[in-house]
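Working notes, structure below.
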Amino acid sequence: MSGAHKSFLERTARQRIADLLDADSFMEFLPPSERHFSPHLPVLGQPVAFDDGIVIGDGFLAGAKVLIAAQEPAFMGGSVGEIHGAKLTGLLERAVQQRPAAVLLLLDTGGVRLHEANAGLIAISEIQRAVFDVRQAGIPVIVLIGGSNGCYGGIGIVAKCCDHMIISEEGRLSVSGPEVIEAAKGVEEFDARDRALVWRTMGGKHRYLMGDADLIVPDDVNAFRDAAISLLGASRPLTLESVMQEHAALQDRMQRFSDCADATQIWQALGVADAKNVPLAEIPEFLEMSAHVRREEHA
Amino acid sequence: MLEWKELCDQLFPQGHTVSAHGLVLHGEGRIGNQTIAVVGTTEHAAIGVDIALELSAAVIDIMNRQAGIPILMLVDTQGQQLSRRDELLGNSPFLAHLAKCFAVARTRGHQLLSVVYSEAVSGGFLSLGMIADETYAVPGAQIRVMALPAMSRITKLPLEELEALCRSSPILGPGAHNFVALGAVEEIWEGPLDQCLLTALAKKNNLDKRRELGASCGGRTGAARIAQLVREH
Amino acid sequence: MQTLEFEVGPCANPDRSIGSGLVGVVGSGNLEVLFEPADLNDKVKFVIATSVHGFDETWHAVTRSCAERYRLANLVITINDAGATPAVVSLRLMQAVEEFRGGL
């Protein structure tokens, strides 16, 4: 690893791409100058972004050609609208033709953009279908999660349809958000303001220990870059055999942890040394603590 | 809206073995000279880790025992299961696992169809229903992302403004007709359900045609164009 | 949303080294700024879409000040604004100039 610490969390989508890929190798598709913005937001008096909050294109990662998409966290919570979603679907469809070494998805989103709710939900389903086509073509789809919105909603499901996931300790992965659970089931069920609870339940370290994230990194673009490089060319088969293997692993997970009230119990059951201190541990120490935890097989 | 038993009787007048195990449906139906595998949910099921695992098991069982048979999803869901436990264990991996099972089934030659016979909401609909080759709905089916009052609270847009937009655009409000206009629902099954199913079975398309459909229906004119521009850049 | 469109200049002694590109993000209190070259007889055209109404004079003042300070010419500068303060607007324009200087 080289260079000074560069926070992934604090960077914009464009900065993340620029710092992740080989220097000056990024070429943007449908750049802002082409003005492909949402036709629906102006109707509701909302400002538009000329890239509709997602930056897509191709470039090189350690000399290998990749396609890349990065959701801009600051615009509409990184949420998926009609144009935003179609840019991502189109990129995945292009991957089947262009056959890059990988597709990198820098996901930073609350999910469906409610201002275009129906189009957003349908777009997410289309993205999901396109991911499966890319995987069918033997091209790895690598998800990077480490932004301020986390990876929520339907995109939280799509993220786990991909080959690999790299998450930082700042990152979160979930379908429902803490506020939604609290609104539906009450503060006893989930106190959305309890940050420690949010990260224990949905954060990078928990997802890594559960086997849902393949690699965990500190909040550093260089660390994400190195992790992504290590996954180039590593496509996972998606077959009856692999989903049956995944099914067995999920059944096992259910059996072992179904009655656990909190993540700390799960980590203890997994055999993590000093489970209560997981949230405080820096990544190198955390990896030591969890070194012997058996990794689940997923499809 | 229909009860699942009534739905199956109408879909399969030649007979069916669909039964409910809690909130999960599975079995088979005879139609024309085909046997169709059936999986689904009932009682507006909230789809979380448990139901996702059960549905996945059913799909895996179909792949192992009935090669190439069409699979019909019967959709009645209030959305994903909202609970601490389900997010702790992982709605993401469990719901993705269900999607992967369907995706593998498709690659193994299983035609995938879905029909919303009661309610279909958000993440539940994404996981059971929208993954099909084509999605249908019976008259009276309720399809939505979110109720408008909740949407108004979260977006801080006045409810009247959202209601006004709903009158002129299919883009955000509840309603199966909106999803037809946007290309996500192929059509509403108005006639005899067994005839509708036979017509659907004859389609045999496993490409995602929803963007083209949404453009031709006029509800979603941007998506198809943008995706094409990206492919051809 | 309010849209403002106006020209500033012409600049007597223009900096001709400023190229094109985008800076900023359309987040709350923020804005994105797109610089594009155009043949405008050394004038600058501003096209501003803003979610906050009634600040026409402020926009005119801030943009004119920046155009003069950086000797901008032959640019269409398009802004998507989500309620940024004049200070943030000035900062973004300066950022754009610095990033795109030498871009031609």
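A few notes on this one:
- Qualifying positions in region C:7-57 - within 11 Å of the chain's Cα centre (by Cα) and more than 21 Å from A:SER38 (Cβ to Cβ): C:GLU7, C:VAL8, C:PHE35, C:VAL44, C:LYS45, C:PHE46
- Residue match in region A:235-248 (condition: closer than 19 Å to A:LEU270 by Cβ, modelled with pLDDT of 95 or more and more than 21 Å from the chain's Cα centre (by Cα)): yes
- Per-region count, region A:28-46, residues assigned to a loop (DSSP other than H, G, I, E, B) and either touching a Leu at 6+ places or on another chain (Cβ under 7 Å) or closer than 23 Å to A:LYS65 by Cβ (or both): 3
- Contact annotation: residue pairs with Cβ atoms under 7 Å, 6 or more positions apart or on different chains, pairing a residue in region A:252-277 that is within 17 Å of A:HIS292 (Cβ to Cβ) with a partner that is of a type in the set (Ser, Thr, Tyr) and crowded, with 16+ Cβ neighbours inside 10 Å, are A:VAL272/A:SER290; A:ALA275/A:THR264.
- When region A:97-138 is filtered for residues that are closer than 20 Å to A:GLY57 by Cβ and not in a helix (DSSP H, G or I), the ones remaining, listed by number, are A:ARG99, A:PRO100, A:ALA101, A:ALA102, A:VAL103, A:LEU104, A:LEU105, A:LEU106, A:LEU107, A:ASP108, A:THR109, A:ALA137.
- Among the conditions (1) more than 7 Å from chain B (Cβ to nearest Cβ); (2) touching a helix residue (DSSP H, G or I) at 6+ places or on another chain (Cβ under 7 Å); (3) more than 27 Å from B:ALA215 (Cβ to Cβ); (4) of a type in the set (Ser, Thr, Tyr), A:TYR152 misses just one, which is (2).
- Listed by first and then second residue, the pairs with beta-carbon distance under 9 Å, at least 6 apart or on different chains, first residue in region B:40-66 and more than 12 Å from chain A (Cβ to nearest Cβ) and in contact (Cβ under 8 Å) with a residue 60 or more places away in the chain, second β-branched (Val, Ile, Thr) and in a helix (DSSP H, G or I), are B:THR41/B:ILE51; B:ALA45/B:ILE51.
- The condition of being basic (Lys, Arg), crowded, with 24+ Cβ neighbours inside 10 Å and touching a strand residue (DSSP E or B) at 6+ places or on another chain (Cβ under 7 Å) holds for A:ARG113.
- Condition met for A:GLN245 (surrounded by fewer than 21 Cβ atoms within 10 Å (Cβ to Cβ), farther than 28 Å from A:ASN149 by Cα and either touching a Gly at 6+ places or on another chain (Cβ under 8 Å) or not hydrophobic (A, V, I, L, M, F, W, C) (or both)): yes
- Applying the criterion of at least 2 residues that are among the acidic types (Asp, Glu) to the strands (runs of 3 or more DSSP E) found wholly in region C:29-104 leaves C:31-37.
- Cross-chain or 6+ apart pairs with Cβ under 8 Å, region A:281-299 first and away from chain B (no Cβ under 14 Å), then hydroxyl-bearing (Ser, Thr, Tyr): A:SER290/A:TYR208
- Check on B:GLY15, closer than 15 Å to B:LEU197 by Cβ, touching a strand residue (DSSP E or B) at 6+ places or on another chain (Cβ under 7 Å), exposed (fewer than 14 other Cβ atoms within 10 Å of the Cβ) and touching a residue at least 12 places away in the same chain (Cβ under 8 Å): yes
- Hey, A:PRO47 more than 8 Å from chain B (Cβ to nearest Cβ), crowded, with 24+ Cβ neighbours inside 10 Å, free of Cβ contacts under 8 Å to residues at least 24 places away in the same chain and within 25 Å of A:LEU9 (Cβ to Cβ) or not: yes
- Considering B:SER114, B:SER168, the condition of being hydroxyl-bearing (Ser, Thr, Tyr) and either surrounded by 19 or more Cβ atoms within 10 Å (Cβ to Cβ) or under 15 Å from B:ILE51 (Cβ atoms) (or both) is satisfied by B:SER114 alone.
- Of the residues making up region A:96-111, those that are of a type in the set (A, V, I, L, M), touching a residue at least 40 places away in the same chain (Cβ under 8 Å) and more than 10 Å from chain B (Cβ to nearest Cβ) are A:ALA101, A:ALA102, A:LEU104, A:LEU105, A:LEU106, A:LEU107.
- Flag if B:ALA223 is more than 8 Å from chain A (Cβ to nearest Cβ), of a type in the set (Gly, Ala, Ser) and not in a loop (DSSP other than H, G, I, E, B): no
- Residue in region B:129-146 that is farther than 22 Å from A:GLY111 by Cα, in contact with a strand residue (DSSP E or B) (Cβ under 8 Å, 6 or more places away or on another chain) and either of a type in the set (Asp, Glu) or within 8 Å of chain A (Cβ to nearest Cβ) (or both) present: yes
- Which listed residue, of A:ALA64, A:ALA13, is in contact with a strand residue (DSSP E or B) (Cβ under 9 Å, 6 or more places away or on another chain), surrounded by fewer than 22 Cβ atoms within 10 Å (Cβ to Cβ) and not basic (Lys, Arg): A:ALA64
- Any hit, region B:190-204, residues being more than 24 Å from A:GLU126 (Cα to Cα) and within 13 Å of chain A (Cβ to nearest Cβ): no
- Subset of region B:30-49 [hydroxyl-bearing (Ser, Thr, Tyr) and either modelled with pLDDT under 95 or touching a Leu at 6+ places or on another chain (Cβ under 8 Å) (or both)]: B:THR41, B:THR42
- Odd one out for A:VAL141 among (1) touching a strand residue (DSSP E or B) at 6+ places or on another chain (Cβ under 9 Å); (2) within 8 Å of chain B (Cβ to nearest Cβ): (2)
- Total residues in region B:12-49, condition farther than 18 Å from B:GLY68 by Cα, of a type in the set (Gly, Ala, Ser) and not in a strand (DSSP E or B): 3
- Summed over region A:181-231, the residues that are part of a helix (DSSP H, G or I) and modelled with pLDDT of 95 or more give a count of 28.
- Residues that are at the interface with chain A (Cβ under 7 Å from one of its Cβ atoms) and outside any helix (DSSP H, G or I), drawn from region B:81-92: B:LEU82, B:SER83, B:GLY90
Conditions (1) of a type in the set (Ser, Thr, Tyr); (2) at pLDDT below 95; (3) part of a loop (DSSP other than H, G, I, E, B); (4) within 30 Å of A:GLY203 (Cβ to Cβ), marked per residue:
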{"site": "B:MET1", "(1), (2), (3), (4)": "no, yes, yes, no"}
{"site": "B:LEU7", "(1), (2), (3), (4)": "no, no, no, no"}
{"site": "B:GLN10", "(1), (2), (3), (4)": "no, no, no, no"}
{"site": "B:ILE51", "(1), (2), (3), (4)": "no, no, no, yes"}
{"site": "B:ASN64", "(1), (2), (3), (4)": "no, no, no, no"}
{"site": "B:GLY79", "(1), (2), (3), (4)": "no, no, no, yes"}
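Table: residues versus (1) touching a helix residue (DSSP H, G or I) at 6+ places or on another chain (Cβ under 8 Å); (2) not acidic (Asp, Glu).
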site: B:ALA147; (1), (2): no, yes
site: B:LEU162; (1), (2): yes, yes
site: B:LEU165; (1), (2): yes, yes
site: B:GLY183; (1), (2): yes, yes
site: B:GLU212; (1), (2): yes, no
site: B:THR221; (1), (2): yes, yes
site: B:ALA224; (1), (2): yes, yes
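- Any chance B:LEU126 is at the interface with chain A (Cβ under 10 Å from one of its Cβ atoms), modelled with pLDDT of 95 or more and touching a strand residue (DSSP E or B) at 6+ places or on another chain (Cβ under 9 Å): yes
The values are calculated or read from the model by the stated rules, or taken from the named source; none is laboratory data. Remember, predicted model here, so these are calculated numbers, not experimental data. Backbone-built Cβ (ideal geometry, glycine too); neighbour counts: all protein chains shown.
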